[in-house]
Amino acid sequence: MDFALTQAREDAAAILASAPSVLAKAAAFVTGEGPEPQIDWAKIAYLASQNVLSSGDRAFLGICAEIAGFNPDVRQPDQTFGARWDSLDGQHQSVIASVLTQSSQSKQSREREILEQLGVPSAYPTVPRPQLVRVRLGADQPAVTNDALGRERVGFREGASPHETWLRGRGVWRMQADRVIASQWLIVAHAGLVRMVGTIDGLTIHGDRIAIIGQPLPDHPFIGQPDPLDNNSQNPVAYGDMNDVV
């Protein structure tokens, strides 16, 4: 399979996975789990062209299928990319933009690596991504019913494993999707101290809230240090620049 098409389908799959509520409605056409699920994009495209889901869901699925290279032979005016985009709410527009932005950044990074190996200057300027997002956990308490991440409890628990602390910290928060996807690190803090650090590799949307996709880094030197973005704000989410805190 052509590399560009493979990458496009990976991007489409990442976008679809970032909207669990929409993914659930197309679950019959998705098999397997993990980073490489098998998706029947032809059937997704067909479903998007039928008037059986909401206009927003049809638009989202249609855009995913189009990115993956699948479209009906004859498209109606409401099945163009532009019309579908206008049918989406801001959150779903943000998640599509964020996944494609991250994919573009990954491609540029890979291109830089190859050009550096060949001794050729890159066409792209080197733009660091040192931004970070800090979330501040409250006290340990029961999670809400039907928690979006399937958790039974949220907040900080002394003695929790790195995985549990990460799961409690990565979501779900009211965040600015564009700032999250432009950031490299998630800092989970409690009581003025950093309790966990992890990478930011993507995000999923849950109504008006966001959960971060990434990997916990339990050996990061920031852990145990003072919260670099500690402030008096009631908002548990803060954004910063790594260059200002190291």
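In the chain, which helices (entire DSSP H runs) extend 15 Å or more along their own long axis, judged by Cα positions, while averaging at least 0.5 on the Kyte-Doolittle scale?
On the way: long enough: 3-17 (21 Å, 0.67); 55-67 (18 Å, 0.66); 90-118 (42 Å, -0.79).
The answer, listed by residue number, is 3-17, 55-67.
What dipole magnitude, in Debye to the nearest 20, does the chain give about its Cα centre under +1 on Lys/Arg Cβ and -1 on Asp/Glu Cβ?
Values: 21 positive and 28 negative charges, 72 e Å.
Dipole of the chain, to the nearest 20 debye: 340 debye.
Where does the chain land at 222 nm, in deg cm²/dmol rounded to the nearest 500, when only DSSP H runs of n ≥ 4 count, each adding -39500 (n - 2.57), divided by all residues? Please list the in-between numbers first.
Numbers: 8 runs with 92 residues, N = 246.
Taking each H run of at least 4 residues, the total per residue is -11500 deg cm²/dmol.
Which of the three applies to the stretch 131-244, rounded, prolate or oblate, going by the alpha-carbon gyration tensor with a ≥ b ≥ c and a/c under 1.5 meaning rounded?
Numbers: a/c = 1.42, a/b = 1.12, b/c = 1.27.
Here the stretch 131-244 falls in the rounded category.
Quick one: longest stretch of the chain between exposed loop GluC sites (Glu not before Pro), exposed meaning at most 12 other C-beta atoms within 10 Å and loop per DSSP?
It runs 34-151.
Counting other beta carbons within 10 Å of each residue's own, what order do 81, 60 fall into, fewest first?
Fewest to most other Cβ atoms nearby, the residues stand as 81, 60.
Among 175, 196, 242, what is the fewest-to-most ranking by other Cβ atoms within 10 Å?
242, 175, 196
From the square roots a ≥ b ≥ c of the eigenvalues of the alpha-carbon gyration tensor of the stretch 3-96, which class results: rounded (a/c under 1.5), prolate (a/b over b/c), or oblate?
Values: a/c = 1.41, a/b = 1.30, b/c = 1.09.
Rounded.
Sort 193, 118 so the one with the fewest other Cβ atoms within 10 Å of its own Cβ comes first.
Details: 193 14, 118 7.
So the residues, fewest neighbours to most, are 118, 193.
Every number here is computed from the coordinates shown, using simple stated rules; none is lab data. Because the structure is predicted, anything quoted here is derived from the model rather than measured. Neighbour counts run over all protein chains shown; Cβ positions are idealised from the backbone, glycine included.
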